[in-house]
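The values are calculated or read from the model by the stated rules, or taken from the named source; none is laboratory data. As the structure is a prediction and not an experimental result, all values here were calculated from the model. Positions of Cβ are generated from backbone atoms using ideal geometry, with glycine treated the same way; all protein chains shown enter the neighbour counts.
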Amino acid sequence: MTTSIEVSDLFVSYFGKPAVSGVRFSIRSGELVGIIGPNGAGKSTVLKAILHLIPFDKGEVKIFGKKVKHMRKKMAYVPQRSEIDWDFPIHVLDTVLIGTYPELGLFRRPGKKEKDWAMECLKQVGMEKFYKHQIGELSGGQQQRVFIARALAQRAEIFLLDEPFVGIDMTSEEMIIQLLKRLRDEGKTIVVVHHDLSKANDYFDELILLNKELIHMGSTETVLQPSIMLKAYERELTFLKEIGVEA
Ligand code: ADP
């Protein structure tokens, strides 16, 4: 299998305060990978650094061996729900059509071909009936499915999703994970920032465990072992003991 994402020696800080230090890992295509770790561990930071959405102090990201700036079209990003302005007046089909823009280029408007493809992507997430709705009218799960459809419309090779299951209903969650597994089986690379450890075993092939630095990357079973998890969650456990909760 080919290496699709390679992160080496990544250092990111915000206003001089380190968020992640010395993170390195590589991900192969055809893998569904979870980035886990406690709150503030730097999970979103790593995802944004892969996309070059934030500057970093040091390090390098390669996508299929090339610089990110040459590979943007191949990378689809679904940001955290809280980072999206849901009041923005745009309807569902136009939201998905944005995914086709990298292929269209700057000066061509989407035509029938792009609209048909956007509808097909909406079908894949069960949202085709809502194509005329304003995005703000939808439930959290429906909105997330539309954003996944936008990522599909991009025909990307790499899908990067930040906490896609937060604030959504179980049906949408099920649908999204099945879709991500199908994309994985088609050879795409899927990276998901995720905090709900109870689902990690069912959802992911590999896990990247972070806590400001890389604690461990490996198969889901390996990373979920208590001896490894403790290295990242020790502070949380100490806190639980302090307030009288025994883990
Ligand atoms: P996680 O996704 O694991 O919860 P983040 O990557 O969001 O962690 O954040 C890592 C650290 O960086 C945290 O201490 C957070 O407060 C800080 N941080 C994240 N984004 C910013 C920002 N835009 N400005 C300042 N500090 C930030």
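Numerical summary
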read-out	value
Residue satisfying condition, being over 24 Å from GLU120 (Cβ atoms), in contact (Cβ under 8 Å) with a residue 60 or more places away in the chain and under 18 Å from the mean Cα position of the chain (by Cα), within set ASP196, ASP162	ASP162
Sole residue being of a type outside the set (Asp, Glu), within 16 Å of the ligand (Cβ to nearest atom) and touching a residue at least 24 places away in the same chain (Cβ under 8 Å), chosen from ILE190, ILE215, ILE176	ILE215
Helices (runs of 4 or more DSSP H) (entirely within the stretch 1-111) containing at least 2 residues that are over 25 Å from GLN178 (Cα atoms) and within 15 Å of the ligand (Cβ to nearest atom)	43-50
Selection from the stretch 174-202 of residues that are in a helix (DSSP H, G or I), surrounded by fewer than 19 Cβ atoms within 10 Å (Cβ to Cβ) and charged (D, E, K, R)	GLU174, LYS181, ARG182, ASP185, LYS199, ASP202
Where a residue in the stretch 7-34 is over 14 Å from PHE56 (Cβ atoms) and of a type outside the set (Ser, Thr, Tyr) and its partner, wherever it lies, is within 12 Å of the ligand (Cβ to nearest atom) and assigned to a loop (DSSP other than H, G, I, E, B), with Cβ under 7 Å and at least six apart	GLY34/HIS194
Candidate set: the stretch 203-247, residues that are of a type in the set (Phe, Trp, Tyr) and out of contact with any Gly (no Cβ under 6 Å at 6 or more places or on another chain); chosen: the one surrounded by the fewest Cβ atoms within 10 Å (Cβ to Cβ)	PHE239
Lone qualifier among LYS73, LYS123, LYS67, LYS112 - being basic (Lys, Arg), closer than 25 Å to ILE27 by Cα and without any contact (Cβ under 8 Å) to a residue 40 or more places away in the chain	LYS67
Given (1) surrounded by 22 or more Cβ atoms within 10 Å (Cβ to Cβ); (2) assigned to a helix (DSSP H, G or I); (3) at pLDDT 95 or above; (4) hydrophobic (A, V, I, L, M, F, W, C), number of the condition LEU160 does not satisfy	(2)
